[in-house]
Amino acid sequence: YKVSNLEMGTHTAIHIDTQSHMHENGKTLSDYDINQFIGEALLIERKEDIAPAEVIIVKGKLFSDELIKKIIEMKPKMVGFGMNNNLEIEYEKEFLKHDILTVGPLDLKKDLPKKFLFCAFPLKIKEGDASPVRAVAICD
C-alpha cells in the first residue's frame, strides 16, 4: 500500500477564512457547527442580482462599498468569490467582523444556476484561522 505526506498552510488553494484570520480573539474553526459550512446559495453576476441567501457567491469584480453593506445587512453564513475578483482586504475584514465567513478563490468558469446548494467543509483544525475546503455546488 501507499501512504503519502501532505504539508500545506491553512490558506492553501480554495479555503475558508474565520474571524480569527483578521480579528484578534475572533472565532476559530473550533467555534462553528458543521451546519455553518452548507447552505442555499445565490450566484450574483451583476450587483442588481443581490438578494437574501444563506450563501452569496460573487462572480467577477463586483465588490464595492455599497455591495459589501448590502451583503452584511443580509447576514449570510458565507460569501464566496471567484478567482477573478476584487475582494479587498478591508472588505474581507468587514465580512469576518460580522461573522460572515469568506470562501475562495472559487472556480466559477463553469455555468452554474442562479440558486444551488453550496458546501465548503473545512478540515477539523483545532482553533484554525482558516482551512482548505472542497467547495461543491449541488444543482437540481
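Across all Cα pairs in segment 1-81, the calculated P(r) in 10 Å bins from zero up to the longest distance comes to 15, 39, 31, 10, 4, 0 percent per bin. For segment 1-113, relative contact order (Cα pairs under 8 Å, six or more residues apart, normalised by length) works out to 28 percent. Computed with a 1.4 Å probe over protein heavy atoms only, the accessible surface of segment 48-140 comes to 57 Å² per residue. Shape of segment 34-97 from its Cα gyration tensor (a ≥ b ≥ c, root eigenvalues): rounded if a/c is under 1.5, otherwise prolate when a/b > b/c, or oblate? In terms of gyration-tensor shape, rounded.
Note on E24/E48: beta-carbon distance plugged into 1/(1 + (r/R0)^6) with R0 of 22 Å gives a FRET efficiency of 0.05. Work out the P(r) tail for segment 87-140: percent of alpha carbon pairs separated by more than 12 Å, whole number. Tail of P(r) above 12 Å: 73 percent of Cα pairs. Under 14 Å of direct C-alpha separation, and excluding same-chain neighbours fewer than eight residues apart, K114 reaches these aspartates and glutamates: E40, E45, E48, D49, E54, D140. In terms of distances greater than 28 angstrom between alpha carbons, the cross-link table entries K61/K93; K47/K124; K61/K97; K27/K109 yield K47/K124; K27/K109. What net charge do the residues around Q19 carry, taking every other residue with its C-beta under 14 Å from that of Q19, with Lys and Arg at +1 and Asp and Glu at -1? After counting each charged neighbour, the total is -4.
When Rg and Dmax of the Cα atoms in Å is computed from the coordinates, the matching label among [x] 17.5, 55; [y] 14.7, 54; [z] 17.4, 51 is [y]. Scanning the chain for trypsin sites (Lys or Arg not before Pro) that sit in a DSSP loop and have at most 12 other Cβ atoms within 10 Å, the longest stretch containing none of them is 62-108.
Size check on segment 1-43: the Cα extents along the three principal axes, sorted descending, read 39, 30, 20 Å. Here r is the Cβ-Cβ distance between I89 and N5 and R0 is 41 Å; the resulting FRET efficiency, rounded to 0.05, is 0.80. Taking the Cα centre of segment 18-58 as origin and assigning +1 to Lys and Arg Cβ atoms and -1 to Asp and Glu Cβ atoms, the resulting dipole is close to 100 debye.
A simple charge model with +1 on the Cβ of Lys and Arg, -1 on the Cβ of Asp and Glu and nothing else charged puts the dipole of the chain at about 420 debye relative to its Cα centre.
The values are calculated or read from the model by the stated rules, or taken from the named source; none is laboratory data. In this text the structure is predicted, and so the values were computed from the model without any measurement. Please note: Cβ atoms are built from the backbone with ideal geometry, for glycine as well, and neighbour counts cover all protein chains shown. Surface areas here come from the heavy atoms of the whole protein model, side chains and all, with no ligands, DNA or RNA. Shrake-Rupley method; radii C 1.70, N 1.55, O 1.52, S 1.80 Å.
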